[in-house]
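The values are calculated or read from the model by the stated rules, or taken from the named source; none is laboratory data. What you see is a predicted model, and the numbers here were worked out from it, not measured in a lab. For neighbour counting, all protein chains shown are included, and Cβ atoms are generated from backbone atoms with ideal geometry for every residue, glycine included.
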Amino acid sequence: MNEAVNIRVTVNGEVRSHSVAPRETLADFLRNALELTGTHTGCEMGACGACLVLLDGQIVHSCLIFAVQADGAVVETIEGLAQRKAIAELQEAFHQRNALQCGFCTPGVLMTAYGVLARPGVPSRNEIRDALSGNYCRCTGYEAIVDAIETAARRRAEAAAEPEPETAP
């Protein structure tokens, strides 16, 4: 029985209703039906991290989840994070530290980095490397990526430590 299933999902802040095949992955739905091609498909086994998205606030491999499982959920893709400027400091740090090469893994790496920076405090380089262990990058050797995430984390911490300017009564 391969009848289409109707789903309703909030993607990047927009409620979307769509008909999907029961075994269509969330990654394929995002890329093909919604044309959100920042979610890449690499291994389609959850090993490379190219397909990472936020599903109800949790970073997940969208190649391992069926679109029907996202019915009623909130999904945020790399396009959504970029649009609301949630990763602007990461993008700047990646640019400054030359952490970008071919770009195929970059959206997934940025999703991972977003998750790392959502935690309190400045992560150690080992914590950053551990978080990146689910992302496969053939180009960089990871040092520039770790540098960029560390740079963004330190900048966030410094900005949070700055005193609020006093306002006149």
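Can you confirm whether Glu89 is closer than 26 Å to Glu35 by Cα, of a type in the set (Asp, Glu) and surrounded by 13 or more Cβ atoms within 10 Å (Cβ to Cβ)? Yes, satisfied. Of all the criteria given as (1) assigned by TED's automatic domain parsing to the domain that holds Tyr114; (2) within 20 Å of Ser133 (Cβ to Cβ), the one not satisfied by Ala47 is (1). Which residue out of Thr151, Thr167 is more than 13 Å from the chain's Cα centre (by Cα), surrounded by fewer than 16 Cβ atoms within 10 Å (Cβ to Cβ), farther than 30 Å from Val5 by Cα and of a type in the set (Val, Ile, Thr)? Just a single option satisfies the conditions, and that option is Thr167.
Applying the set (1) touching a Pro at 6+ places or on another chain (Cβ under 6 Å); (2) farther than 24 Å from Ile145 by Cα to Gly38 leaves exactly one unmet item: (2). Hey, can you tell me all the residues within the range 8-29 that are surrounded by 20 or more Cβ atoms within 10 Å (Cβ to Cβ) and either of a type in the set (Gly, Ala, Ser) or in the same structural domain as Thr106 (by TED's automatic domain parsing) (or both)? Correct list: Ala27 only. Every listed requirement among (1) crowded, with 22+ Cβ neighbours inside 10 Å; (2) modelled with pLDDT of 95 or more; (3) part of a loop (DSSP other than H, G, I, E, B) is met by Leu36 save one, (1).
This table checks each residue for (1) modelled with pLDDT under 95; (2) surrounded by fewer than 16 Cβ atoms within 10 Å (Cβ to Cβ).
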| residue | (1), (2) |
| --- | --- |
| Arg31 | no, no |
| Cys43 | yes, yes |
| Cys48 | yes, no |
| Val53 | no, no |
| Asp56 | no, yes |
| Leu64 | no, yes |
| Val68 | no, no |
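Screening Ala160 against (1) over 12 Å from the mean Cα position of the chain (by Cα); (2) surrounded by 13 or more Cβ atoms within 10 Å (Cβ to Cβ); (3) over 16 Å from Gly49 (Cα atoms); (4) of a type outside the set (D, E, K, R) leaves a single unmet condition, (2). The set of residues in the range 103-126 that are closer than 13 Å to Ile145 by Cα and either of a type outside the set (S, T, N, Q) or surrounded by fewer than 17 Cβ atoms within 10 Å (Cβ to Cβ) (or both) comprises Gly103, Cys105, Pro107, Gly108, Val109, Leu110, Met111, Ala113, Tyr114, Val116, Arg125, Asn126.
If you go through the range 138-151, how many residues are without any contact (Cβ under 8 Å) to a residue 24 or more places away in the chain and not in a helix (DSSP H, G or I)? Full working, then the answer.
So in the range 138-151, the residues without any contact (Cβ under 8 Å) to a residue 24 or more places away in the chain come out as 141-143, 146.
From what is left, the residues that are not in a helix (DSSP H, G or I) are 141-142.
Here the count works out to 2.
Has the range 152-165 got at least one residue that is part of a helix (DSSP H, G or I) and under 24 Å from Thr41 (Cα atoms)? No - not one qualifying residue is present in the range 152-165.
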